Structures are given as structure tokens and as C-alpha cells.
Amino acid sequence: LDVDCYNPSNDYPSVDCLGPPTCNAEGKCEVECGSSMCPAGLERVQCDVEPCNARVACIGGPVCVNDYCGGCKRIYFDTAGFQTCKDDGIHNSKTPQEALDDAKALWTSFGLTTYDYGFAKSCFCTEEFRQPLVARVEDGALSKVTTQYGEDVSDDVKASVLTVESLFDLIQAQIDDSAASISVRYHELYGYPKYIFVDEREMVADDEATYDVRFLVPVTK
């Protein structure tokens, strides 16, 4: 069964392409390269929270796997590797655009224009751009960036740090440009993007990037 290939305890050769895992005629798991992580006919959706972190819809095993194809679903496996339960998407699911619009409205409702936050980026770039950083935004503009140890950074590194508003703009641009893959997790209370993964073009190597807001603290003047 294809679902067996979602079980993290089942190893199969890693293939550097986009596609859902499937069980072939020999009973082995493989990835059929295509333009989506989902099987044909199913669209990847954006969920309010990770399905495995949402309320329990069925009694499952100790291993839970998120499934975003066609809904906010999750699959449970027991310690022996057998599927015990599948939640077929009773949770609220949204398109990436709907999730972005709702998150922006939630963030805007708090009126937070001055805040400290932790920012990290993973990309095909030098180490100084990938290190964890601490930044301050004042009145909506980036005012200070240091390393996590309080050390100064170069102007180029500072320019690479994105404010919450810039992260929202990044997500919108990727949606508008029909990025090959984009995955976003929004903060449950404030709505800001706390994790973004982007692969702009399927057949272009080394263009993937992640953006991670590790914490955000509002600053009261």
C-alpha cells in the first residue's frame, strides 16, 4: 500500500526530485518525480496548525505523519510499523492564499510595529548569512541586527534579514509566481510566519530556502 511509504520506519532510496512516495509492483517504496508532492488529483493545502499537533480525531499509535494532500490529514503507525488510524481531514484546511490572508489580518489586529525577534535563514549561501540572528524592528523598520551572542554583523547580513511584513510579502510573491513548493507555519497567537520553506523552481538546483522566526517579543515603548 502507498500509505506504508509514509511510515518513517520504512527506508527507501532518496531521490532528489518532487513527488509523492508510492509502492511499486515489487512492493518497494519509490518516488515518482513530478510537479507536486501530492498524488494526481490532490492539491496540497495550508493548515492552521500541523495536523499531528491538532486535537485528536482518532486513537492512533505513537508515530504520527502529517498529510497535507487534499486536506489537513494525519496517519498513525504503531511500534510494529502498521497503520492504526487515519484522520481524513476533519480539520479546517485553507489554500495558501487564504491562510496568508487570515494570518496577515491576525497580525495586523495586534498593531505590533516594534518587536524583537530571532531570525535564521537556510540557503545555498555563506555561513554568515545562515547563522542565528537577533533583530529589532522599530515602527515597522529594521533598526538593529546582531548575532545570537550580541556581536555586530555586516551591512550585507543585516540587509538579508526580513521583518514580519517582508516575510508576508515573500510568501505572497511565491504564491503569485506559482513556486514549485512552499510550506508555511504561522504563529497561533500573533499570526506571523514562524517557518517558511520555498523551492522556487522544480528543476533548478540550490534555490531552496527556509526562513525561521524562532521567537518574537513585542516591545512596549
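The values are calculated or read from the model by the stated rules, or taken from the named source; none is laboratory data. What you are looking at is a predicted structure, and each value in this text was computed from that prediction instead of being measured. Please note: Cβ atoms are built from the backbone with ideal geometry, for glycine as well, and neighbour counts cover all protein chains shown. The area values use the complete protein model at the heavy-atom level, side chains included, leaving out ligands, DNA and RNA. Shrake-Rupley method; radii C 1.70, N 1.55, O 1.52, S 1.80 Å.
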*Got a number for residues in the range 91-120 being among the aromatic types (Phe, Trp, Tyr) and farther than 16 Å from ASP139 by Cβ?*
1
*the range 140-159, subset under 24 Å from ASP101 (Cα atoms) and touching a helix residue (DSSP H, G or I) at 6+ places or on another chain (Cβ under 8 Å), residue surrounded by the most Cβ atoms within 10 Å (Cβ to Cβ)*: LEU142
*Going through the range 187-198 one residue at a time, which ones are assigned to a strand (DSSP E or B) and open to solvent by 10 Å² or more (accessible area, probe 1.4 Å)?*
LYS194, TYR195, PHE197
*asked:* Quick check on the range 17-51: of everything there that is open to solvent by 70 Å² or more (accessible area, probe 1.4 Å) and of a type in the set (D, E, K, R), which residue is nearest to ILE75 (Cα to Cα)?
replied: ARG44
_Looking for something modelled with pLDDT under 85, over 17 Å from MET37 (Cβ atoms) and not hydrophobic (A, V, I, L, M, F, W, C) - is there at least one such residue anywhere in the range 195-206?_
yes
*Evaluate the range 182-190: report whether one residue or more is of a type in the set (A, V, I, L, M, F, W, C) and modelled with pLDDT of 90 or more.*
no
*Considering only the range 141-186, state which residues are of a type in the set (A, V, I, L, M, F, W, C) and in a loop (DSSP other than H, G, I, E, B).*
VAL153, VAL161, LEU162, ALA179, ALA180
